[in-house]
Amino acid sequence: MHEKTDSGVYVKDLSFFAVKSVAEINDVLKTGLKNRAVGSTNMNATSSRSHSLFQIQIERSEIGADGKQHIRAGKLNMVDLAGSERIAKTGATGDRLKEATKINLSLSTLCHVISALIDVKATYVPYRDSKLTRLLQDSLGGNTKTLMISNVGPADYNYDETLNTLRYASRAKNIKNQPKINEDPKDALLREYQDEITKLREQLQLLNSGVDPNELMKQRGVMGKNTVVEKIIHVEDKE
């Protein structure tokens, strides 16, 4: 597990595929599913024996206010956490037992991370305690929007598992992120300059129309842009 300042956490020697369509994305997904560990237990004939993470990185080139090309990038993580299971029910032994133990351990670590994120007094979030939480670090408490879907069974035989899953989800939904667009500091500064130029031009136009721009700017915060435009048009009509 490694980390880059520009792209975040990544797995060494992991394969990346450049795709240009939904069909190509599906082909890569199918290849990943074929490599996923699956095994039979007393509760599921095709039980997932590992977590699964499908990551899509999107880049878009666009022309900025300076007339130059700028790259906007985003990342989508789709994660299957696998089931939190009671080993006594599954009858897992040998490799199946080791897999179940590791799955439950990483899910427990994820629970600790969630608890730390919703605790205002927490000073440390244990992202590094498992590979799963390390990979999902920017999806949990970072600059992202996150959706968790919890699957539960209706059978009373699985009452305890269902209750634990619901409690897990209840904690997760209390994480509060406030995502914003990531942008290069130079682009942000350029955008601020462009906004300032626009405001100055607007004030100059108001002055030429015989309107006090300072008074209108005060009112603008309450009445909005449309009201300002209407007042400018009204003044021009009088002239």
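Rule-based calculations on the coordinates, nothing more; no lab input. All values reported here derive from a predicted model rather than from experimental measurement. Backbone-built Cβ (ideal geometry, glycine too); neighbour counts: all protein chains shown.
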- For HIS70, enumerate residues with amide H under 5 Å from its amide H, sequence gap 5+ or separate chain, H modeled in the peptide plane. GLU62, ILE63, GLY64
- Taking Cα atoms only, Rg over Rh for segment 84-124 with Rh from the Kirkwood formula is 1.20
- Message: Just to be sure I understand the curve: with the Debye formula and one point per C-alpha of segment 2-172, what is log10 I(q)/I(0) at q = 0.11, 0.13, 0.15 Å⁻¹?
- Response: -0.59, -0.80, -1.03
- Item | Cross-link table LYS34/LYS176; LYS89/LYS176; LYS75/LYS131, entries beyond 24 Å C-alpha to C-alpha | LYS34/LYS176; LYS89/LYS176
- Taking K and R as +1 and D and E as -1, what net charge do the other residues with C-beta under 15 Å from the C-beta of LYS34 add up to? +1
- Compute the relative contact order of segment 32-163 as a whole-number percentage, counting only Cα pairs closer than 8 Å that sit 6 or more residues apart in sequence. 17 percent
- Message: Out of all Cα-Cα pairs in segment 47-86, roughly what percent, to the nearest whole number, are more than 16 Å apart?
- Response: 59 percent
